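Undergrad: First the structure, which I've put down as structure tokens, then a few questions once you've had a look.
The values are calculated or read from the model by the stated rules, or taken from the named source; none is laboratory data. Computed from a predicted structure; not experimentally measured. Here the Cβ is made from the backbone with ideal geometry for all residues, glycine too, and neighbour counts use every protein chain on show. Side chains are part of the model used for accessible areas, which takes the heavy atoms of the whole protein and leaves out ligands, DNA and RNA. Shrake-Rupley method; radii C 1.70, N 1.55, O 1.52, S 1.80 Å.
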Amino acid sequence: MPSIPDFSKDGLRWGYTTGSCAAAAAKAAAIFLLDGRPPQAVPLQTPKGIHLRLSVEKPARGDGWAECAVRKDSGDDPDVTNGVLVYARVWRIPEEEIRIDGGIGVGRVTKPGLDQPVGAAAINRSPREMIAGELRRLLSSRGLAGGFQVEISIPEGAALAAQTFNPRMGIVGGISVLGTTGMVEPMSQQALIDTIRVELDLQAAAKEPYVLLTPGNLGETFLQEQLGRTVQAVQCGNFIGEALDLAVSKGFQGALVVGHIGKLVKLAGNMFQTHSRYGDCRMDILIACAAVAGGISSTLAAEVAQSATTDHAMEILSRAGLWEKTLSVLLARIQENLVHRTAKQAADFLTGAVLFSRQGYIGQTPSSLPLWEYWKEKSV
């Protein structure tokens with residue numbers, strides 16, 4: 001059976017990502033190829049620093065290759081991939097490389113702006129690094145030269161893709177292999193809101209006048225890069241509205257929301273629960289802001305509407321010379337909705353937002369400036 005550390009989040013069991021499954025399956029297949037017999041389980045270190053021991057299924061061998069599978073376990077936060085088998089087939093190659101591609105059921109990128117370039121398998125950066133790291137360590141531990149060719153496949157992926165946003169985002173033929181941390185943290189609504197409440201209580205007890213809110217790990221990484229140190233941000237997931245409500249109710253003087261534009265753009269549409277299951281209006285909002293900013297042609301609007309990501313939509317608007325004006329309208333709308341949300345409880349509550357993309361800082365709402373300066377001064 002898979003081995004996950006004996007801990008939970010608010011009573012809910014953790015799981016592990018498709019990326020962890022792919023890395024463990026690749027490691028198991030490589031051991032099988034080198035030793036001639038498959039392991040029953042393999043150890044795996046996730047980017048989060050958590051050590052797993054995952055069971056191996058479906059071993060098979062052929063002419064110069066070996067294959068193993070690992071079953072996805074989403075813990076108490078099941079998604080469409082829960083229980084699927086993630087396969088890895090490996091071949092030895094003379095080059096000092098780990099080459100990774102996708103097979104059946106793994107999507108292929110057809111639009112620019114995603115984690116991987118057009119034409120590549122939809123295996124994101126972190127899982128690729130996990131796979132390569134495990135196989136390089138395996139070769140090093142045995143004093144072996146050369147590398148591996150790896151093919152990740154998910155036989156159920158093509159059918160499951162219809163239940164995801166992959167087709168709309170331009171990922172065709174299957175699902176994506178994902179996972180920044182390697183772990184799936186249970187994110188039930190009440191459990192997460194309770195966690196947000198506890199973290200805010202701790203900061204209130206420390207007499208912090210302001211609080212930093214960010215949806216997740218990307219925001220924390222951005223803050224660390226910008227401020228030069230680790231800061232005590234409260235991860236609120238998709239529950240930005242609930243986090244703001246709690247911050248006001250607990251007596252904070254203000255809250256700064258820091259996040260990727262792909263998440264925070266929804267605030268301009270007054271969507272404070274930002275999970276995709278509640279709607280995906282990102283491109284609609286950008287088109288509307290571009291129209292208010294001075295006009296956008298129907299041809300350009302159609303191009304933005306077909307964008308897979310906000311990063312790509314930004315590129316399109318930038319080429320047309322519309323991005324700066326569009327951003328100004330977008331930030332004003334976000335600010336307006338943030339103030340409207342918090343003013344219901346406290347008219348003098350200071351709030352704002354800082355947006356970033358994969359390329360870095362994008363911009364911030366006017367009222368965010370004193371909040372941002374406060375955190376910058378604290379980092380000195």
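Undergrad: What is the number of the single condition among (1) surrounded by 21 or more Cβ atoms within 10 Å (Cβ to Cβ); (2) over 19 Å from the mean Cα position of the chain (by Cα); (3) at pLDDT 95 or above that Pro127 does not meet?
TA: (2)
Undergrad: Out of the stretch 291-323, which residues are part of a helix (DSSP H, G or I), open to solvent by 40 Å² or more (accessible area, probe 1.4 Å) and either closer than 24 Å to Pro117 by Cβ or of a type in the set (S, T, N, Q) (or both)?
TA: Ser298, Thr299, Ala302, Glu303, Ala305, Glu315, Ser318, Arg319
Undergrad: Need pairs with beta-carbon distance below 7 Å; first residue closer than 13 Å to Val150 by Cα and assigned to a loop (DSSP other than H, G, I, E, B) and within the stretch 96-113, second open to solvent by 60 Å² or more (accessible area, probe 1.4 Å) and among the charged types (D, E, K, R); sequence gap 6+ or separate chains.
TA: Qualifying pairs under 7 Å: Gly103/Glu151.
Undergrad: Cβ-Cβ distance below 9 Å, separation of 6 or more or different chains: which pairs start in the stretch 136-154 with a residue that is open to solvent by less than 70 Å² (accessible area, probe 1.4 Å) and among the charged types (D, E, K, R) and end on one that is at pLDDT below 95 and part of a helix (DSSP H, G or I)?
TA: none
Undergrad: If I filter the stretch 122-138 for residues that are within 21 Å of Arg108 (Cα to Cα), of a type outside the set (Lys, Arg) and assigned to a strand (DSSP E or B), do I get at least one hit?
TA: Yes, some residue in the stretch 122-138 is within 21 Å of Arg108 (Cα to Cα), of a type outside the set (Lys, Arg) and assigned to a strand (DSSP E or B).
Undergrad: Which residue pairs have Cβ atoms under 7 Å apart, sit 6 or more places apart or on different chains, and have a first residue in the stretch 157-173 that is farther than 21 Å from His312 by Cα and open to solvent by less than 50 Å² (accessible area, probe 1.4 Å) and a second that is not in a strand (DSSP E or B) and not aliphatic (A, V, I, L, M)?
TA: Between residues of the stretch 157-173 that are farther than 21 Å from His312 by Cα and open to solvent by less than 50 Å² (accessible area, probe 1.4 Å) and residues that are not in a strand (DSSP E or B) and not aliphatic (A, V, I, L, M), the close pairs are Leu160/Thr81; Ala161/Gly107; Ala161/Pro167.
Undergrad: Here is a check on your reading of the model: is Leu350 open to solvent by 30 Å² or more (accessible area, probe 1.4 Å) and in contact with a Pro (Cβ under 8 Å, 6 or more places away or on another chain)?
TA: yes
Undergrad: Just to verify a result, which residue in the stretch 349-380, among those that are of a type in the set (S, T, N, Q) and within 18 Å of the chain's Cα centre (by Cα), is farthest from Leu212 (Cα to Cα)?
TA: Once the filter is applied, the top-ranked residue is Gln359.
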